[in-house]
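Contents: one structure, followed by commentary.
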Amino acid sequence: MTTDPTDRHYDREFVRTFFTSPTAVEDGEDSAKMLRSAAQLRGMEAPDVWVPDNEDATAPSMRDQGVENVVEVVSEHGADFPGEIHPRVVWHRDDPATRYRGLQHMLAMADPEAGAVDHLDGFVIPEVGDIDDWKKADEVLTMVETEHGLDEGSLSMSVIVESGEAELAMGDLRQEAGRPSNNLERMFLLVDGEVDYTKDMRAMTPTGELPEWPELRHNTSRGASAAGLVAVDGPFDDIRDVEGYRDRMTENRAMGMTGIWSLTPGQVVEANTAPLPPASGYWLLDDGTSETELRESDGRWVYDGDALALEQSGDGYVLRVDGREQELSGDDLREELLGRAAYVPGMDDIVDSMEEFEAAKEAGKGAIAMTRAATLEIDGLAVDLEADRMWDEATYQAAKTPIDLFQDVYEHRPDQHDALADRYGGEVVERATDLGT
Ligand SMILES: CC(C)(COP(=O)(O)OP(=O)(O)OC[C@H]1O[C@@H](n2cnc3c(N)ncnc32)[C@H](O)[C@@H]1OP(=O)(O)O)[C@@H](O)C(=O)NCCC(=O)NCCS
């Protein structure tokens, strides 16, 4: 029997949050303080994947202490932690001594006598190189499993993609995973590391800001899709810029990259919430300067901005936008505004549309027209808009991604059920969990 390389070998289909915590900080009293508080996060404050970080987040002089802290805190709190736990260890494609330390740290953390391994889902390997280097890391994990009598492949492996070599290796993964001479089926996350990638690429910008690297993010998302893995974007280090973090996540999701690194508990809440559809839908209007959110009032969607202006003139209208003045008939105005308006569906809209399509399919129809109608109000004037969109099986499948995400969260994160019910209401939650089943 051949296995499909895009089959997933792990439980989570989506990972929204990859939260790193320093394993040991010089504190006088308790060097494991940050680990201890992160291990007790719950609900929207707890990440999907928690990464006790014994690499860059922890000073080199504190890393041996960090291993002891991971063992202690994960043994004590791991059973109750609602997400998965994947410590990051040291590794470097160019340095055998670093790789050897990584092996020693993994051996210590996975020692069954120490009590943490029952709650460890895998390890995160940074600074990987070409595919042969990924195989070395995989073999080291196999040695750790063998030494401790664990099942081969029971510890998953995630990598940080932070070099050109690693970026290219993602293209080999589909071929290489599943060969009898390796255990690369253990792969789980492909996580971008833009800071080191920038250094590796010798990239420069006038201000010293990190380049945006949309190509790397696209390639990582593509690599994950081709090999049945999960793609995660790297750290967003402007930690108080919530809007910037949200914009980055919006861009990522359009590339199929749902997950992102979180550096602080505040970022975890943002990143857990951002990919979930809004509770209610709303209209946007491109007013020539930005996509402005319209305000709902008495069944109308009201534009409050002043970049776009509308007034009645005889039988028609005058529309001022983009520095132009247009005289338009009622029909032309509707057409112009249809081109400028867009609807962001809420969870209830997505569920309604999918149920409608499922019912049509049941009744033997392959394609249907879905109508979206609204009354816009601009400068006190009401304009009725209506648009039909064709839905077929492909539309249904593409629209289903937010529902797949929701269902994955609902199944794996019972600690977030209350937050989801508060956001959407119990009835919509129930219909969303039932869709497609
Ligand atoms: C960047 C950083 C120093 C900012 O710390 P900060 O200014 O205290 O951040 P916040 O104010 O948002 O923190 C709120 C609380 O959460 C704790 N906290 C912050 N980041 C945390 C983390 N990553 N893990 C666990 N706890 C964390 C803080 O200690 C603070 O606790 P307190 O209220 O008991 O003092 C800290 O978030 C950090 O060390 N993050 C991880 C860095 C990392 O992973 N780097 C490697 C990436 S390449």
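The values are calculated or read from the model by the stated rules, or taken from the named source; none is laboratory data. Given the structure is predicted, the values throughout are model-derived calculations rather than measurements. Note: ideal-geometry Cβ built from the backbone for every residue, glycine included; neighbour counts use all protein chains shown.
Condition first: hydroxyl-bearing (Ser, Thr, Tyr) and more than 24 Å from the chain's Cα centre (by Cα). Now tell me which residues in segment 268-300 satisfy that. Step through it out loud before you land on a result.
At the first step, the residues of segment 268-300 found to be hydroxyl-bearing (Ser, Thr, Tyr) are 273, 280, 282, 289-290, 292, 297.
Result: Thr289, Ser290, Thr292, Ser297.
State the number of residues belonging to segment 279-322 that are among the polar types (S, T, N, Q) and within 27 Å of Glu427 (Cα to Cα). Spell out how you get there, then give the answer.
Looking only at segment 279-322, we keep the residues that are among the polar types (S, T, N, Q), and these are 280, 289-290, 292, 297, 312-313.
Narrowing the set further to residues that are within 27 Å of Glu427 (Cα to Cα) leaves 280, 297.
Going through segment 279-322 one residue at a time, the tally reaches 2.
Does Ser37 satisfy being more than 28 Å from Asp130 (Cα to Cα), of a type in the set (Gly, Ala, Ser), within 14 Å of the ligand (Cβ to nearest atom) and surrounded by fewer than 19 Cβ atoms within 10 Å (Cβ to Cβ)?
Spelling it out, Ser37 is indeed more than 28 Å from Asp130 (Cα to Cα), of a type in the set (Gly, Ala, Ser), within 14 Å of the ligand (Cβ to nearest atom) and surrounded by fewer than 19 Cβ atoms within 10 Å (Cβ to Cβ).
Can you name the residue in segment 237-259 that is among the hydrophobic types (A, V, I, L, M, F, W, C) and in contact (Cβ under 8 Å) with a residue 40 or more places away in the chain and, of all such residues, is nearest to Leu190 (Cα to Cα)? Spell out how you get there, then give the answer.
First, pick out the residues of segment 237-259 that are among the hydrophobic types (A, V, I, L, M, F, W, C): 239, 242, 249, 254-255, 257.
Among the residues that remain, those that are also in contact (Cβ under 8 Å) with a residue 40 or more places away in the chain are: 255, 257.
Working: Met255: 14, Met257: 10 Å.
Among them, the one singled out is Met257.
What's the number of the only condition in (1) under 23 Å from Val232 (Cα atoms); (2) under 25 Å from the mean Cα position of the chain (by Cα); (3) not hydrophobic (A, V, I, L, M, F, W, C) that Asp80 fails to meet?
Of everything listed in (1) under 23 Å from Val232 (Cα atoms); (2) under 25 Å from the mean Cα position of the chain (by Cα); (3) not hydrophobic (A, V, I, L, M, F, W, C), Asp80 misses just condition (1).
Return the only residue of Leu190, Leu210 being closer than 22 Å to Ala271 by Cα and crowded, with 22+ Cβ neighbours inside 10 Å.
Values: Leu210 fails: crowded, with 22+ Cβ neighbours inside 10 Å.
Every option except Leu190 fails the conditions.
List every residue pair whose Cβ atoms sit under 7 Å apart, with the two residues 6 or more apart in sequence or on different chains, where the first one lies in segment 387-416 and is among the basic types (Lys, Arg) and the second, anywhere, is buried (at least 18 other Cβ atoms within 10 Å of the Cβ).
Correct list of pairs: Lys400/Met354.
Of the residues that sit in segment 243-263 and are among the polar types (S, T, N, Q) and away from the ligand (no atom under 12 Å from the Cβ), which one is farthest from Arg222 (Cα to Cα)?
Of the residues in segment 243-263, the ones among the polar types (S, T, N, Q) are 250, 252, 258, 262.
Cutting the leftovers down to away from the ligand (no atom under 12 Å from the Cβ) gives us 250, 252, 258.
Details: Thr250: 17, Asn252: 12, Thr258: 12 Å.
Top of the filtered list is Thr250.
Hey, could you check segment 40-91 for residues that are among the charged types (D, E, K, R), within 13 Å of the ligand (Cβ to nearest atom) and assigned to a loop (DSSP other than H, G, I, E, B) and say which is nearest to Met157 (Cα to Cα)?
Checking each candidate, the answer is Glu55.
For segment 188-213, name all the residues that are more than 15 Å from Val128 (Cβ to Cβ) and under 15 Å from the mean Cα position of the chain (by Cα).
none
Taking Asn252 as meeting all but one of (1) among the polar types (S, T, N, Q); (2) farther than 20 Å from Pro22 by Cα; (3) surrounded by fewer than 16 Cβ atoms within 10 Å (Cβ to Cβ), write down the number of the exception.
Condition (3) is where Asn252 drops out.
Does Asp352 count as touching a strand residue (DSSP E or B) at 6+ places or on another chain (Cβ under 6 Å) and either surrounded by 14 or more Cβ atoms within 10 Å (Cβ to Cβ) or in a strand (DSSP E or B) (or both)?
When the stated conditions are applied, Asp352 does not pass them.
Looking only at residues in segment 11-34 that are surrounded by fewer than 19 Cβ atoms within 10 Å (Cβ to Cβ), closer than 26 Å to Leu184 by Cβ and at pLDDT below 95, which one is nearest to the ligand (Cβ to nearest atom)?
Asp11
Are there any pairs, at least 6 apart or on different chains, whose C-beta atoms fall under 6 Å, with the first in segment 187-212 and within 13 Å of Pro235 (Cα to Cα) and the second acidic (Asp, Glu), and if so, which?
These pairs meet every condition: Asp192/Asp233; Gly193/Glu162; Asp196/Glu162; Tyr197/Glu162; Leu210/Glu194.
Where in segment 151-242 are there helices (runs of 4 or more DSSP H), lying fully within it, with 2 or more residues that are within 13 Å of the ligand (Cβ to nearest atom)?
194-201
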